[in-house]
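Read the structure below first, then the notes.
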Protein chains: 2
Amino acid sequence: MPSKTVQETIKKLNFYAGPAIWPREVVIEAAKGLLNYQDSGLSIAEISHRTDTFAEVIDGARALIKELMGLGDDYSVLFLAGGASMQFCMVPYNLLPHNGTAAFLDTGRWSEKAIKEANLFGKTAVVGSSREEGYSFVPKSYVLDNSYAYLHITTNNTVCGTQLHHIPQTSVPLVADMSSDIFSKAMDGTQFDLIYAGAQKNLGPAGTTIVIVKKEILGKVKRAIPTMLDYRTHTKVSMFNTPPVFPIYCCYLSLQWIKKQGLAAIEKRNREKADLLYGEIDRNSLFDGTTAVEDRSLMNVTFRAKDEVLEAAFLKLAEEAGCMGLKGHRSVGGFRASIYNAMDIEGVKVLVELMKEFENSHA
Amino acid sequence: MPSKTVQETIKKLNFYAGPAIWPREVVIEAAKGLLNYQDSGLSIAEISHRTDTFAEVIDGARALIKELMGLGDDYSVLFLAGGASMQFCMVPYNLLPHNGTAAFLDTGRWSEKAIKEANLFGKTAVVGSSREEGYSFVPKSYVLDNSYAYLHITTNNTVCGTQLHHIPQTSVPLVADMSSDIFSKAMDGTQFDLIYAGAQKNLGPAGTTIVIVKKEILGKVKRAIPTMLDYRTHTKVSMFNTPPVFPIYCCYLSLQWIKKQGLAAIEKRNREKADLLYGEIDRNSLFDGTTAVEDRSLMNVTFRAKDEVLEAAFLKLAEEAGCMGLKGHRSVGGFRASIYNAMDIEGVKVLVELMKEFENSHA
């Protein structure tokens, strides 16, 4: 057991959208590994990535990801750098022929950015978009042409607070930006041909991005791809260059925590937390939800004060009570409570009580 | 003061080439920030990069880098991801016109890789190379044409153990891969137009790469550059996307440590350590240095046993004595003792004593 000094009791509730909360026991274990990894006398962050010690970490993390998603040897799991934003260009660099068309379901800010980069490499077709409606819902009726190079979706939209509760069925390769809801529920990975996810929501610290790719889709475009941007560089050898060692170690610890909890239990808890918070938003006379009820995100709960003048007062009350990171994204305002895996229901109850207290004193 | 439990006394001497040793006090401070940053009740790795808290970290790190290199507002300091390997393609993407030529001083494995990527974007000219001689020295007589788009150098070569002790004078933009000797000595940054350095040698954990760029050299190539690969994306705003928050925090702590020590004192100590170790290599009847004396690296000391049969026995003796990471790079064999800033002279003395002991028992 770590001593009290190592544990450094926390006093705040972390609702940040990302970088975001991790399970406390994972943070403590990560700090121990930073100081003296498994009593080896060295820090996990100070040893060569070519050691057996680190190979066990990265291979263990890859195996857990495959296990949690039900994937076999036809998929490779990569830990890359540069965030999901780098994947916005790597995906079309590797998968979109110069004269081909990539299809996009445009559900928010991150979809927009992915579309922008794809336009540098080929053509794009937006098959559905809620842009004109402030991305307040997920488009559901759209037609998919079999000639598309791939269909790109964003499974959860952190800014506006929507989530795809049904994954599209399609005959073209399916590419998913799963940055903000990966491992928040059970998910059959074989539905996808490529998944990418920045680690800094449900997995660990910012600094590594997981890419899960079905190997058979690679190598079909003709263009020359710079070595580091070519997925095949990273599927062919375990570590082409020095990877972000410590962020990967933290992901490995989180993945072990996820496996121990079980994805079914995690999903159940995430639903309970979201139901509790959306229930209060709907009940409370001072607040409004901002998205279509059927598309509400279980990860990022967005809402606003009916009277905008009250928003600063509620944020102040929340921060005084130790609830941090509730301010909405700068592009939309209002509030956003991010309730990723590591936020427990007790934390959500504190927020709900604050909303009731605020109603009592302002209604 | 951290408790004994946090400090977790280390027992090994870390000679790894990278990821490599950090100052112990920096590791301890980093672990504290991971658990509870400045008693905020939150981890530095769990808060939004858009908070004032993290802005102070990244702005503070940038300011220290400029101060240590004597740079003004005409330079931008970026913390990117993907390692120096990503810079091998970003540099020509941004600086090499399609019909232009980039000049390279080819001093080792990393120069080779940089040349390979540049060939995807334009022409390359190798103005000097020691490749045929196993990169055992640094070429010094070469002619530079004024028409080159830039000259690229690798200031320290980790694999073969050479270092550029004199920076070339040139009228074309000078680009330096300084991954393995940045901040190991006083250096006038204004000699360079672009410097890049992976953090995992003298600065911190793997996961971020420092790029220092003179802004006036950007925007001169005509090609479309993907957003994340365009240096201007990162010079125009402080953080375009979520950066590798925790690795950057660790760099900030290292930079404060470097400033406190002073670059002149660090350089003096690095020279003393290298003199001690090379002195023993030259004196000891069992070992040979592998590089030209005048080009010996102060960071990565490469040597071999005159009788190759003895190498395994020496490595075993060293590991039993807690000296880790002494095996030479897999492409060259022999030994490599990496003695970055954070290795103190007492550690080098332990290694020298082992070499003497080995001579006494095997000569």
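The values are calculated or read from the model by the stated rules, or taken from the named source; none is laboratory data. Note that this is a predicted model, so its numbers are computed, not measured. Note that we place each Cβ from the backbone using ideal geometry, even for glycine, and neighbour counts take in every protein chain shown. Accessible surface is based on the protein model in full, side chains and every heavy atom, while ligands, DNA and RNA are left aside. Shrake-Rupley method; radii C 1.70, N 1.55, O 1.52, S 1.80 Å.
Please name whichever of A:A224, A:F183, A:T242 sits farthest to the positive end of the charge dipole of segment A:178-243, dipole taken about the Cα centre and charges placed at Cβ: Lys and Arg +1, Asp and Glu -1.
Of the listed residues, the answer is A:A224.
Report, in cubic angstrom per residue, the convex hull volume of the C-alpha atoms of the protein assembly as shown.
About 156 Å³ per residue, rounded to a whole number.
What base-10 log of the normalised intensity I(q)/I(0) is obtained for segment B:109-264 from the Debye formula, alpha carbons as equal point scatterers, at q = 0.13, 0.14, 0.15 Å⁻¹?
-0.71, -0.83, -0.95
Quick check: the distance between the Cα centres of segment B:221-249 and segment B:51-72, to the nearest angstrom?
So the separation of the two Cα centres works out to 16 Å.
Cross-link partners among aspartates and glutamates for A:K356, C-alpha distance below 17 Å, same-chain residues fewer than 8 apart left out?
Output for A:K356: A:D275, A:E280, A:D282, A:D288, A:D307, A:E311, A:E319, A:E320, A:E346.
So, in Å, what gap is there between the alpha-carbon centers of segment B:125-174 and segment A:260-295?
60
Return the calculated 222 nm mean residue ellipticity for the protein assembly as shown, to the nearest 500 deg cm²/dmol, obtained by summing -39500 (n - 2.57) across DSSP H runs with n ≥ 4 and dividing by the residue count.
One gets -11000 deg cm²/dmol as the mean residue ellipticity at 222 nm.
Given segment A:263-362 reduced to its alpha-carbon atoms as identical point scatterers, what log10 I(q)/I(0) does the Debye formula return at q = 0.18, 0.20, 0.23 Å⁻¹?
-0.81, -1.01, -1.35
Might you work out the accessible area of B:R131 for me, using a 1.4 Å probe with all protein chains in place, and round it to the nearest 10 Å²?
Surface accessible to solvent at B:R131 totals approximately 140 Å².
How would you classify segment B:1-145 from its alpha-carbon gyration tensor, with a ≥ b ≥ c the square roots of the eigenvalues: rounded for a/c under 1.5, else prolate if a/b is greater than b/c, otherwise oblate?
Since a/c reaches 1.5 and a/b is larger than b/c, the shape of segment B:1-145 is classed as prolate.
Could you go through segment A:22-32 in sequence order and give the Karplus-derived ³J(HN,Hα) for each residue, using 6.51 cos²θ - 1.76 cosθ + 1.60 with θ = phi - 60°, rounded to whole Hz, and x for Gly and Pro?
Karplus-based 3J(HN,Hα) across segment A:22-32 equals 10, x, 4, 5, 6, 4, 5, 5, 4, 5, 5 Hz.
Out of all Cα-Cα pairs in chain B, roughly what percent, to the nearest whole number, are more than 37 Å apart?
That tail contains 22 percent of the Cα-Cα pairs.
For the pairs B:K11/B:K349; A:K11/A:K316; A:K116/A:K214; A:K185/A:K268, flag any whose C-alpha to C-alpha distance is greater than 19 Å.
Over 19 Å apart, Cα to Cα: A:K116/A:K214.
Towards the positive end of the charge dipole of the protein assembly as shown, with charges on Cβ (+1 Lys, Arg; -1 Asp, Glu), say which of B:P92, B:W257, A:T162 has the farthest Cα.
Of the candidates, B:P92 comes out farthest on the positive side.
Over all alpha-carbon pairs of segment A:8-61, lay out the pair-distance distribution in 10 Å bins, whole %, shortest bin first.
20, 43, 26, 11
Could you go through segment B:13-21 in sequence order and give the Karplus-derived ³J(HN,Hα) for each residue, using 6.51 cos²θ - 1.76 cosθ + 1.60 with θ = phi - 60°, rounded to whole Hz, and x for Gly and Pro?
9, 9, 9, 4, 7, x, x, 9, 4
Over its Cα atoms, what ratio of radius of gyration to 2.2 N^0.38 Å does segment A:134-187 give?
1.19
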